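A short worksheet on the structure shown next.
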Amino acid sequence: MPATFQPIESPCEKICVIDPDTNICVGCNRTLDEIAQWASYSHAERRAIMAALPGRGGVVS
(Lines give C-alpha, C1' and ligand atoms only; values in the text may rest on other atoms or scores of the structure.)
Protein backbone atom coordinates (compact mmCIF):
# COMPACT_ATOMS: atom_id res chain seq x y z
CA MET A 1 0.00 0.00 0.00
CA PRO A 2 1.49 3.40 -0.91
CA ALA A 3 2.32 5.80 1.87
CA THR A 4 -0.02 8.73 2.23
CA PHE A 5 1.34 12.24 2.33
CA GLN A 6 0.86 14.01 5.63
CA PRO A 7 1.97 17.63 5.84
CA ILE A 8 4.30 18.52 8.68
CA GLU A 9 2.61 20.70 11.26
CA SER A 10 4.34 24.05 11.55
CA PRO A 11 3.84 27.23 13.58
CA CYS A 12 5.11 29.35 10.68
CA GLU A 13 3.10 32.56 10.24
CA LYS A 14 4.96 33.68 7.09
CA ILE A 15 6.41 36.60 9.10
CA CYS A 16 10.04 35.58 8.85
CA VAL A 17 11.93 38.23 10.80
CA ILE A 18 14.57 37.31 13.37
CA ASP A 19 14.72 39.60 16.40
CA PRO A 20 18.39 40.59 16.75
CA ASP A 21 18.18 40.70 20.56
CA THR A 22 16.66 37.25 21.09
CA ASN A 23 17.54 35.45 17.82
CA ILE A 24 13.91 34.27 17.74
CA CYS A 25 11.57 34.69 14.77
CA VAL A 26 8.92 37.30 15.57
CA GLY A 27 6.38 35.36 13.48
CA CYS A 28 6.63 31.85 14.92
CA ASN A 29 8.86 32.28 18.01
CA ARG A 30 11.28 29.57 16.87
CA THR A 31 15.04 29.87 16.86
CA LEU A 32 16.95 29.68 13.59
CA ASP A 33 18.16 26.20 14.55
CA GLU A 34 14.60 25.04 15.18
CA ILE A 35 13.46 26.47 11.85
CA ALA A 36 16.35 24.83 9.99
CA GLN A 37 15.85 21.42 11.64
CA TRP A 38 12.03 21.43 11.70
CA ALA A 39 11.55 18.80 8.98
CA SER A 40 13.99 16.40 10.66
CA TYR A 41 12.33 16.57 14.10
CA SER A 42 9.98 13.81 15.16
CA HIS A 43 6.31 14.58 15.69
CA ALA A 44 6.91 14.51 19.46
CA GLU A 45 9.83 16.94 19.19
CA ARG A 46 7.79 19.37 17.06
CA ARG A 47 4.85 19.19 19.50
CA ALA A 48 7.17 19.90 22.45
CA ILE A 49 8.63 22.94 20.70
CA MET A 50 5.18 24.17 19.70
CA ALA A 51 4.01 23.86 23.31
CA ALA A 52 6.92 26.09 24.41
CA LEU A 53 6.41 28.81 21.76
CA PRO A 54 3.73 30.91 23.52
CA GLY A 55 6.03 31.42 26.51
CA ARG A 56 8.74 32.92 24.32
CA GLY A 57 6.87 36.16 23.58
CA GLY A 58 6.35 37.41 20.05
CA VAL A 59 3.09 37.04 18.17
CA VAL A 60 2.29 33.35 18.65
CA SER A 61 -0.27 32.80 21.37
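As a fraction of the 1.4 Å probe accessible area of the chain, surface on carbon and sulfur atoms comes out at 58 percent.
Positive end of the dipole of the chain (Cβ unit charges, origin at the Cα centre): among Pro11, Ala36, Thr22, the Cα lying farthest that way belongs to Pro11.
With respect to the chain, whose longest principal axis is taken over its alpha-carbon atoms, helix 43-52 is tilted by about 20°. Solvent-accessible surface of the chain, taken per residue with a 1.4 Å probe and all protein chains present: 73 Å². Using the Karplus relation 6.51 cos²θ - 1.76 cosθ + 1.60 with θ = phi - 60°, the per-residue 3J(HN,Hα) values for region 21-29 come to 7, 10, 6, 10, 5, 6, x, 10, 6 Hz, with x marking Gly and Pro. A protection proxy built from the mean count of other Cβ atoms within 10 Å ranks the segments 36-43, 47-54, most packed first, as 47-54, 36-43. When only the Cβ of Lys, Arg, Asp and Glu is charged (+1, +1, -1, -1), the dipole of the chain relative to its Cα centre reaches about 160 debye.
Can you give the helix-only mean residue ellipticity at 222 nm for the chain, where every DSSP H stretch with n ≥ 4 adds -39500 (n - 2.57) and the sum goes over all residues, rounded to the nearest 500 deg cm²/dmol? Before the final figure, lay out each step's value.
Details: 2 runs with 16 residues, N = 61.
Helix-only estimate at 222 nm: -7000 deg cm²/dmol.
With contacts defined as alpha carbon pairs under 8 Å and 6 or more residues apart, what's the relative contact order of the chain in percent? Don't skip to the end; give the middle numbers.
Details: 56 pairs, mean separation 17.4, N = 61.
Contact order relative to length: 29 percent.
Each listed q (0.23, 0.28 Å⁻¹) maps to a log10 I(q)/I(0) for the chain from the Debye sum over equal C-alpha point scatterers, namely -0.93, -1.28.
The values are calculated or read from the model by the stated rules, or taken from the named source; none is laboratory data. Treat the numbers as computed from the prediction; the structure is a model and nothing was measured. Because the Cβ atoms are built from the backbone with ideal geometry, glycine has one as well, and the counts that use them run over all protein chains shown. For the accessible areas, the whole protein counts, side chains as well, though only heavy atoms, and no ligand, DNA or RNA atoms are used. Shrake-Rupley method; radii C 1.70, N 1.55, O 1.52, S 1.80 Å.
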